[in-house]
Every structure is written in C-alpha cells, then in structure tokens.
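First the structure, in the form of structure tokens, and then the observations on it.
The values are calculated or read from the model by the stated rules, or taken from the named source; none is laboratory data. Small disclaimer: the values here were computed from a predicted structure and weren't measured. So basically every Cβ, Gly included, is an ideal-geometry build from the backbone, and we count neighbours across all protein chains shown. With ligands, DNA and RNA removed, areas are computed over all heavy atoms of the protein, side chains included. Shrake-Rupley method; radii C 1.70, N 1.55, O 1.52, S 1.80 Å.
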Amino acid sequence: MKISGLVLSVALAFGAMHAAPAQAQNQGPLRIEITEGVIEPLPFALPVFEAETGDAGGLAAQISQVVSADLSGTGLFREIPPEAFISQISSFAAPVQYADWKAINAQALITGAVSVQGNQLSVKFRLYDVFSGAELGDGLQFTGTTEGWRRMGHKVADAVYSRITGEGGYFDSRVVYVSETGSKDARQKRLAIMDYDGANVQYLTDSSAIVLAPRFSPDGGRVLYTSYETGFPRIYVLDVGSVQRRALESQEGTMSFAPRFAPDGQTIVFSLSQGGNTDIWAMNIGGGGAARLTSAPSIETAPSFSPDGSQIVFESDRSGSQQLYIMPAGGGEARRISFGPGRYGTPVWSPRGDLIAFTKQNGGRFHIGVMRTDGSEERLLTASFLDEGPTWAPNGRVIMFTRETQGEGGRSSLYSVDISGRNLRPVRTPDGGSDPSWSPLLQ
Amino acid sequence: MTLRTKLIFVVAGLALAACTNPDRFGADGTAGGLGGANGAVVPGSPNDPTSPAYFNQTIGDRVLFAVDQSTITDEGRTVLDGQATWLLTNTDFTAVIEGHADEQGTREYNVALGARRANAVREYLVSKGVAGNRLRTVSYGKERPIEICSNESCYAKNRRAVTVLAAGLTG
C-alpha cells in the first residue's frame, strides 16, 4: 500500500451546530497533564462509529477500534466497555444524553460516522466533555481513500488526544526499524517500516547484508542507514516512497556509520572510523561540504542535532568512559552533560528541545533515560539486561527503543515507554526488531 | 579538513567470497584436514605451512581482548608474530582484519570499539613488516558473535579481532 498517495482533507463541518458552548459545571474542563504522569487513566466511551452508507459498516467498526486502541495504548485513557452503555448513539446528529454517560462515569465521549463512496472514505467525529455537558472543540471530518482507513482512525485519535492533553498527537506516524530473524550468531537483518502501532509492515531492503540504525529525514520521506553490503559499514540514503537507495560518498579505507539528519534535511552528521579512530563528521546529503567536527583520539559517535539545528549532542569516551557531550553544530568546544555513575550513550535530542534521551549502562544493567539538556534531572525510565537506542515520538512525550533478552535464545524487540516512566509496552512486530526511528507526524 | 569526494566501489568478494576461513563466524574451523600418515604433509591441511588452514588453525587467526580494551595481550602478540611471519612468506595473500565486540555495549560504540581492535592488529602486523596495502580493517561491532551465551565465558571469545585471508592484492 502506498500511503503517500493518500489525500487527507480537514473540514470544519459541524462547529456551527454547537455554537454556544455550555458552561463548565462543577468539574473542571476535560484535561490531562501528561508531564505529571497519569496514574488513573481517563475513562472514555467510544460507541462504534455510525455507518452512513450501506457498505461502511465494516470500516466503521475497524476505524473505531483503531481510535480506541490508540487512546488506550497511551495509558492516559481507559475505554469503558460498550456493555456498560445506558444510551446508544443511534445517529451522529442526535443530541447527546449527557446524564446517561455521566452515570457510567465516562468523562469523554467520542462519536463518529463513516461513509464510503467508491474508494472514497469520509470519517467525521465529535468529542464531548461529559461532565461539562459540552462539545470539546468542533467536529472534524477527514476524507481520503478506503485503503488509508487506518490513518483516518489515527487522525481522529490524534485530534482527541491533542484536545484533551493540549499536546501534539503522534498516532498518525510511522517507524522505520531493523527487522531481525535467526539466532544470535547468524542474525539476518533488513530494514522495515510500519505504522507506529506495528500495523502495515513493509520491508525496504533484503537481508543479504547487515543493516543498522535507520534514521528518518525531518520530512519522513527519506531514511539514512548503515549497510555492510560492500563488506564494510557505509551510509546509504533510501527514498521511502520509491524504495530507491544510494550510497553516500565515502573515503576509501574508512568506515562510516551512525548517520542522522540535521533539521534542514540537507546536512547529515555521522561517525567516520579511520586508522582505528572514530570521529564525527558532517556533510551535505548531495555530496560535498564534508567537515570534521571532532578530532580527538577517543571514540566520538552517535551525534544528534538539537531541533533548531544549532547544537549536536553526542557520546565520547574522551574522559575514559562513554559520556554525553554537547557541541556547536559546526564543531568546537564540547561540554560534558552526563556525570552519574556508569556509561552513557546514544543520546537523542527531543523534538521539543527540552530533553535528551539516552542509553545508560550501570552495574551490568541497561536503562533508557532522559535528562535536561544541561544534564540535570536525570530520570531512568526502564531497566533490563539490554535496553538501547531511544527514539522520540513526534510530540516528545513517548520513547521507543530496543530491548534484547539474554542468553542463547536472546531476541530483540521494540518497546515504548512514556517520559514519566509509565506505560512500558511491547510494540508488536512480525519478527524481532531493533533500532527504531520514529517519523514526524504524517502530512 | 575535507573528505576526498571519491566514490569507492569495493568488491564484495574481497571480503566475503574469497575468504579462506570455512566458517568465519562459527567455531574455529577444526574440521580442516589432518596430517597424513607418518608425518607426510597433506597440501592445504593445517600441517602444510603454506596453507590458509595452517594460518587459521595452527598459527591462529584471532586474538582476544579485555573488556572495552584494544590493547594486544602477550598471548595475542605471539599469535600475531606468527601471522606476520606467515604473511611475509606467503605474499600472494591479503587480509581483512575484522574487529568484534561482545554484546555489553551500545551498537555504535561497539562498531567504533571493533574498529580500534582491528586497527591495533593491523598496526602490529605492519610494525612486523607486513605491507599496509595488504591489510584492510572492518568492524562488526556486536553484530557477529561466535558464542551466544550471555556470560563472560562467551563474551571473552567474542571480544576478538580475526585476520581473514584473501587471495590477491587489494587495490
């Protein structure tokens, strides 16, 4: 399926019908503060969306499920089972009986309707703040093709999430990762791309060569990754739509890896190993303009830009062990930001700019953690035999990473966790998975 | 400083197809032919000093490293002295030196660490007179362990640099 062919349009179709917002009652407005870490998820009711055309019933049910799974999957929301409903939503246009939803303690009510004309799909929804007895925001309508039905569900869920949390959504997004099969000593790896929730897996390379650490471009259209297809690690760029790839220029006798885009989508930073020494370089994706940003005899790798493109966070063992440093985007003096016990690697700057996610190794365990960009307020979110390689959701509120189990049957898989350390969840993939990279929100 | 903007097209066969170690990522290849009866040397066997099997098994194709280190140990020096002597005698062969790390580290760091290890071996062989243009290095990081348990007995064998012979000179 080619998602890129999907056209989505948004119409403010239903706002006028509820032009006079009801006053909030005893309860405050429907709201979740994500940063506080939610212990008690917000209960919502989501009656199966109405089928407005005869053949829309199947898609209406499936889209409703996607919306519900997206919201529940955050750990911030809890779906009230339909068996508990007192009133049914027989029509999208009918007035809501708030008392019936209040009685089952639904704080949010989401209603929707789906219509199909040929291969054209239209989905509209409304969000109600039950305790305020008012609609929260205007109704919205999304149109597209039937094959993009999952995206329509993600769009609805993003809008609901966004209205209740005040944060950007992240459900209409994709993840590129390394799909893994085979035993630890004969592992086969290939690039794969999927929806953020593990649906619609497509393979982008075959498994004839080891591939490592794909990274999305800022617009989500291209992927940088490292492949051993020449026998030596080298950086490639792949166009997601056409699945065409090309090797980037490299210097003979060197190895290049750990690439990442700058926010401009043109500059990349990467590691280059030469004579046993690994430093960070930058170059233009089209070739040329290569510049060496570090020149220490130590290992400098895993560079990641700040969202404004002015700084780079990276790891170095110049102090004797792996630690995190920040330097200007053009190179120059670096300041160390990690000082706790253990080793720190794979730093990734949050898309919001406020935090840096990292892998920490201490006392034989691995952790995914976050810290502020000055190194303060370090918080470990996970602990296991081997966790590594965090990537940020587009809204900077959730992190996906690789977890590998130990021993002879050791297997890699993807997990996500929110930045408060709650809601640790496996992300289901058909085979093993590692090195996830989360796209921006799709357009 | 700028990168030379020159594209390289490395023939995969250099590193892969032409390798002479029967099982580069497996056990140490003890399946090689044994010496013939009464001490006669079977050509190509580990008893034939001109054979890659002799290099791989009798001399030893690999050296091991301490945790997070790339220093050649005394034991490693003995192996590499043998490798250097063999390479100086058998000048038709080139080699790719593969650096590896155990699984206790992040992926990128381990690629860089493997590069250090491979380069340490290369520099040692060059210091013993082997021409630098016969020796390339590659790092696999933690991607190709030969032992798969998650304890030190396996990790110790995975922290290695392996000299993989290939016929013919590199460019």
Task: Heavy atoms of A:Ser208 accessible to a 1.4 Å probe, total area in Å² rounded to 10 - done: 100
- [ ] Please list, in chain and number order, the residues 5+ apart from A:Thr53 or on another chain whose amide H is under 5 Å from its amide H, with Hs placed from the backbone.
- [x] A:Val116
Task: Distance histogram in 10 Å bins (all Cα pairs of segment B:61-171, percent per bin) - done: 16, 48, 28, 8, 0
Open item on the list: Using amide H atoms built in the peptide plane, which far-off residues or other-chain residues are under 5 Å from A:Leu140 H to H?
Closed with: A:Phe125
Open item on the list: On alpha carbon coordinates alone, what is the Rg over Rh value for segment A:285-344, Rh being the Kirkwood radius?
Closed with: 0.99
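To the nearest 20 Debye, how big is the dipole of the protein assembly as shown about its Cα centre, given +1 on the beta carbon of each Lys and Arg and -1 on that of each Asp and Glu?
Working: 54 positive and 62 negative charges, 194 e Å.
Value, rounded to 20: 940 debye.
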Open item on the list: Within segment A:66-88, name every residue whose backbone N is under 20 Å away from a label modeled 7 Å from Cα of A:Ala99 along the Cβ vector.
Closed with: A:84-88
- [ ] Towards the positive end of the charge dipole of the protein assembly as shown, with charges on Cβ (+1 Lys, Arg; -1 Asp, Glu), say which of A:Gly289, B:Leu80, A:Pro41 has the farthest Cα.
- [x] B:Leu80
Task: Label point distance in nm, A:Asp308-A:Ala69, each placed 7 Å from Cα along Cα→Cβ - done: 4.0
Task: Long-range amide H partners of A:Ile210 with built H, under 5 Å - done: A:Tyr228
- [ ] Mind grabbing the accessible area of A:Glu33 for me, 1.4 Å probe, Å², rounded to tens?
- [x] 80
Open item on the list: Which residue, B:Val126, B:Asn151, A:Gln65, has the largest displacement toward the positive end of the dipole of the protein assembly as shown when charges sit on each Cβ (Lys, Arg +1; Asp, Glu -1)?
Closed with: B:Val126
Open item on the list: To make sure I understand the rule: partners must be aspartates and glutamates, Cα under 14 Å from the Cα of B:Lys128, and not fewer than 8 residues away in the same chain. Which ones qualify?
Closed with: B:Asp81
Task: Of all DSSP beta bridges in the protein assembly as shown, antiparallel share, percent nearest 5 - done: 90
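Can you put B:Glu75, A:Glu50 in order of accessible area, largest first, using a 1.4 Å probe? Walk me through the intermediate numbers first.
On the way: B:Glu75 150, A:Glu50 50 Å².
Result of the area sort, largest leading: B:Glu75, A:Glu50.
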Task: Whole-Hz ³J(HN,Hα) from phi, Karplus 6.51 cos²θ - 1.76 cosθ + 1.60, for segment A:193-202, glycine and proline x - done: 10, 8, 5, 4, 8, x, 7, 6, 5, 10
TODO: Please work out how much length the chain gains when fully extended from A:Arg372 to A:Glu40, using 0.36 nm per residue of separation minus the C-alpha to C-alpha distance, in nm with one decimal.
DONE: 116.9 nm
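From the protein chains alone at 1.4 Å, what is the descending order of accessible area for A:Arg31, A:Arg336, largest first?
Details: A:Arg31 125, A:Arg336 75 Å².
Heavy-atom accessible area, descending, gives A:Arg31, A:Arg336.
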TODO: Please turn the phi angles of segment A:171-183 into ³J(HN,Hα) values with the Karplus equation 6.51 cos²θ - 1.76 cosθ + 1.60 (θ = phi - 60°), one per residue in order, whole Hz, x for glycine and proline.
DONE: 6, 7, 8, 10, 10, 9, 8, 9, 7, 10, 9, x, 6
Task: Antiparallel DSSP beta bridges within segment B:61-171, as percent of all bridges there, nearest 5 - done: 60
TODO: Can you tell me the relative contact order of chain A? Whole percent, Cα pairs under 8 Å, sequence separation 6 or more.
DONE: 11
Open item on the list: Checking the a/c ratio against 1.5 first, then a/b against b/c, what shape does the Cα gyration tensor give for segment A:182-316?
Closed with: oblate
- [ ] Starting at the first residue of segment B:91-108, write each ³J(HN,Hα) from the Karplus equation 6.51 cos²θ - 1.76 cosθ + 1.60 with θ = phi - 60°, in whole Hz, x for Gly and Pro.
- [x] 7, 6, 9, 10, 8, 10, 9, 9, x, 9, 10, 7, 7, 7, x, 6, 4, 5
Task: Diffusion coefficient, µm² s⁻¹, Stokes-Einstein with Kirkwood Rh over alpha-carbon pairs of chain A at 20 °C and 1.002 mPa s - done: 92
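Within 10 Å of each Cβ of A:297-304, how many other protein chain Cβ atoms are there on average?
Per-residue shielding by partner chains comes out at 3.
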Task: Percentage relative contact order, segment A:29-183, counting C-alpha pairs under 8 Å, at least six apart - done: 25
Task: Rounded tilt (10° steps) of A:149-165 against the dominant C-alpha axis of chain A - done: 90
Open item on the list: Multiplying the sequence separation of B:Gln69 and B:Asp81 by 0.36 nm and subtracting their Cα-Cα distance, what value in nm do you get?
Closed with: 2.3 nm
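So, with a 1.4 angstrom probe, what is the percent of accessible area on segment A:322-443 that is carbon and sulfur? Could the numbers behind the result be given before it?
Numbers: 2010 of 4460 Å².
Taking all protein chains in place, segment A:322-443 shows 45 percent carbon and sulfur surface.
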Task: Ranked by how many other beta carbons lie within 10 Å on average, peptides B:82-88, A:423-429 from highest - done: B:82-88, A:423-429
Task: Sequence-separation-based contact order of segment B:99-171, relative, with Cα cut under 8 Å and 6+ spacing, percent - done: 43
Open item on the list: Of the candidates A:Ala69, A:Ala99, A:Ala209, which one comes out as most mobile in a Gaussian network treatment of chain A with C-alpha springs shorter than 10 Å?
Closed with: A:Ala99
Task: Estimated FRET transfer efficiency when R0 is 45 angstrom, pair A:Ile86-A:Tyr203 (beta carbons, to 0.05) - done: 0.40
